[in-house]
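Notes for the one structure printed next.
The values are calculated or read from the model by the stated rules, or taken from the named source; none is laboratory data. All values reported here derive from a predicted model rather than from experimental measurement. Here Cβ is always computed from backbone atoms with ideal geometry, including for glycine, and neighbour counts include all displayed protein chains.
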Amino acid sequence: MSKFYVTTPIYYINGLPSVGHAYSTIIADALARYHRMKGEEVRFLTGTDENSQKNVEAAERAGMKDDIQGYLDQMAARWQEAFDELGFTHDRFIRTTEADHAQAVEKFWKAVEKTGDIYLGEYVGLYCKGCEAFYGEADLVDGKCPLHKTVPEAIKEKNYFFRLTKYRDALLEHIGKHPDFVVPASRRNEIVSYIRDFMTDISISRASMKWGIPVPGDEKQRIYVWFDALINYLTGAGYGSDDAACAKWWPADLHIVGKDIIKFHCALWPAMLMSAGLPLPTRVLAHGFFTVNGEKMSKSLGNVIDPVQIARDYGNDVLRYFLMREIRLGEDGDFSLDRLAQRYDGELANELGNLAHRVLTMTEKYFDGTVPKRTDGFLAGAWDGYHLAMEELRVHDALEVVWKLVRESNQLIEERAPWKLAKLKEEKMLADTMYVLLETLRHISWMLVPIMPDTADRLLEKLGLAPAKEFSQAVEVAWRWGELAPGAKIEKGEPLFPRREGSQAAEARGNS
């Protein structure tokens, strides 16, 4: 049985999850569900980065300066509660303050040290606390960090360094041989330019930090948060604690990250793995940045979107649908509550919801609520297009395949006019039309499993099918045309997406 190991970034917990954090995790969740649907073994890793100076400062602001671990425990619990409420199906929620992660980091450090790729030197540079990264003068804009618009702090101290430049040629060769290692292409071109022209050895410890994992053999130094954090992907696979699990799951098939951290994931991380003698992940997908109504998301502007509140107001599936439909994966995107409401009213309620309601209502009226005899349908390569889009990480295009079926079905209703066929006693054509529509809804349900899982379950139940039984079938059977059994009893029930009288979604602003 093939496997699929997918990871999100691990998140700083100096605040609560925003819609940006949810986006990365929703994409990972959709892909994990897709590969499970295909019958593959899946490992889906997410979690929290707890050895960051940002978290220490947040604990101090919360009045917990003397109980940093207590602060982290509280915040990690709130993140896990949020992820549970959002319906994520991760197999492991990792915390970098866990003992098994410290054990993995120590093992990894010693492996890299053994190759001679760690050395002691003096670092003089400009450090942005917001990025937890160093910058050269050429990287700054008007003397400030290009992301956080703050003046970096000048740091001079003795640190341990990693010989990153030793792997310049090997990294470029790997990316050249594996063009899908970094996607989309724009991010690949960016990282190739960085590796070729700007990459330097990197300081991987801090003498000034008191929080974090100690350097093996030197308790006065703490391991740099990025060197530590990247190793979480190995920890999550069993590195350092379960050799058999690690052999099964590593390398990762897909890392999902934001485009602001590709230097760490597409240059530093693969070089670290090369140094330790470990295989490289198959792909790194870098998605874009979020704006809200055209403005950068920030607490100072009061436009931070709380995904949990959106999900409470609209349902998890609507949030998932909007993010995956609105934003092409890999590109920058804008979040708008107005557009979310428009997509709910238009595509979800008026197109998919109305289709299901009309088809089920007519089945009740003309066939006493039972599925008529089988006939041929019009999927015509829809599954091929759907699978290709999902495998190529074009989730938005997979949704377009689904909505093409939705619109073709609505068009068939208008063209065939079942109410006219019933009046004219055209019983064969009426039965054929209704079977095609009902069976197409079953296929739409399957295609929605990774993207809108609750909707998929509800739609199947309306077709008189038990989701657990339906999804226990071999997909080679389930995805064939004609598996909806004639004579099955449908259950129309309430509309999939009922008309909304009002919305509390505006409350989602500023709650995190």
Checking G47 against (1) crowded, with 16+ Cβ neighbours inside 10 Å; (2) out of contact with any strand residue (DSSP E or B) (no Cβ under 8 Å at 6 or more places or on another chain); (3) on the phi > 0 side of the Ramachandran plot, which test does it fail? (2)
Only one residue in A99, A82 is of a type in the set (A, V, I, L, M) and more than 30 Å from D313 (Cβ to Cβ). Which one? A99
Cβ-Cβ under 6 Å, sequence separation 6+ or interchain: first residue in the range 482-510 and farther than 30 Å from A380 by Cα, partner assigned to a helix (DSSP H, G or I) and modelled with pLDDT under 95. Which pairs? A505/L337
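Does Q80 satisfy being polar (S, T, N, Q), surrounded by fewer than 18 Cβ atoms within 10 Å (Cβ to Cβ), at pLDDT 95 or above and farther than 30 Å from F471 by Cβ? Explain how you work it out, then say what you get.
On the way: polar (S, T, N, Q): yes; surrounded by fewer than 18 Cβ atoms within 10 Å (Cβ to Cβ): yes; at pLDDT 95 or above: yes; farther than 30 Å from F471 by Cβ: no.
Criteria not met by Q80.
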Kindly indicate whether G385 is within 14 Å of I444 (Cβ to Cβ) and either touching a helix residue (DSSP H, G or I) at 6+ places or on another chain (Cβ under 9 Å) or of a type in the set (G, A, S) (or both). yes
So which of F83, F93, F88 is part of a helix (DSSP H, G or I) and under 30 Å from H387 (Cβ atoms)? F83
Inspect the range 222-230 for any residue being in contact with a Phe, Trp or Tyr (Cβ under 8 Å, 6 or more places away or on another chain), more than 27 Å from F289 (Cα to Cα), surrounded by 13 or more Cβ atoms within 10 Å (Cβ to Cβ) and not polar (S, T, N, Q) and give the result as yes or no. yes
Taking K462, is it of a type in the set (D, E, K, R), touching an Asp or Glu at 6+ places or on another chain (Cβ under 6 Å) and modelled with pLDDT of 95 or more? yes
A careful count of residues in the range 186-222 that are of a type in the set (A, V, I, L, M) and touching a Gly at 6+ places or on another chain (Cβ under 9 Å) gives 1
If I ask for residues that are outside any loop (DSSP other than H, G, I, E, B) and either modelled with pLDDT under 95 or surrounded by 21 or more Cβ atoms within 10 Å (Cβ to Cβ) (or both), which ones from the range 96-109 would you list? H101, A104, V105, F108, W109
Determine whether the range 117-138 contains at least one residue that is part of a helix (DSSP H, G or I), hydroxyl-bearing (S, T, Y) and surrounded by 14 or more Cβ atoms within 10 Å (Cβ to Cβ). no
Let me spell it out: the conditions are (1) touching a Lys or Arg at 6+ places or on another chain (Cβ under 6 Å); (2) within 16 Å of W269 (Cβ to Cβ), and V151 meets all of them except one. Which number is the exception? (2)
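I'd like to check something: does the range 167-176 contain any residue that is farther than 19 Å from P270 by Cβ and either touching a Cys at 6+ places or on another chain (Cβ under 9 Å) or touching a residue at least 12 places away in the same chain (Cβ under 8 Å) (or both)?
Applying the first criterion (farther than 19 Å from P270 by Cβ) to the range 167-176 yields none.
No - not one qualifying residue is present in the range 167-176.
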Looking at the range 207-217, can you tell me whether even one residue there is closer than 24 Å to I256 by Cα and aliphatic (A, V, I, L, M)? no
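Each row is one residue, and each column tells you yes or no for (1) assigned to a helix (DSSP H, G or I); (2) closer than 24 Å to S205 by Cβ; (3) of a type in the set (F, W, Y).
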site	(1), (2), (3)
T8	no, no, no
N14	no, yes, no
P17	no, no, no
R33	yes, no, no
F44	no, no, yes
With the condition kept exactly as written, say whether any residue in the range 227-234 is at pLDDT 95 or above, closer than 22 Å to Y160 by Cα, in a helix (DSSP H, G or I) and polar (S, T, N, Q). yes
Any chance the range 195-206 includes a residue that's part of a loop (DSSP other than H, G, I, E, B), among the charged types (D, E, K, R), on the phi < 0 side of the Ramachandran plot and in contact (Cβ under 8 Å) with a residue 40 or more places away in the chain? yes
Here is a list: G39, G63. Which entry is touching a residue at least 60 places away in the same chain (Cβ under 8 Å), out of contact with any strand residue (DSSP E or B) (no Cβ under 8 Å at 6 or more places or on another chain) and outside any helix (DSSP H, G or I)? G39
Conditions first: (1) closer than 30 Å to V395 by Cβ; (2) free of Cβ contacts under 8 Å to residues at least 24 places away in the same chain; (3) out of contact with any helix residue (DSSP H, G or I) (no Cβ under 7 Å at 6 or more places or on another chain); (4) outside any helix (DSSP H, G or I). G238 passes all but one, so which condition is the exception? (3)
Here is a list of conditions, (1) part of a helix (DSSP H, G or I); (2) over 26 Å from V284 (Cα atoms), and Y160 meets all of them except one; can you say which number that is? (1)
Is it true that some residue in the range 317-336 is over 26 Å from P453 (Cβ atoms) and free of Cβ contacts under 8 Å to residues at least 40 places away in the same chain? no
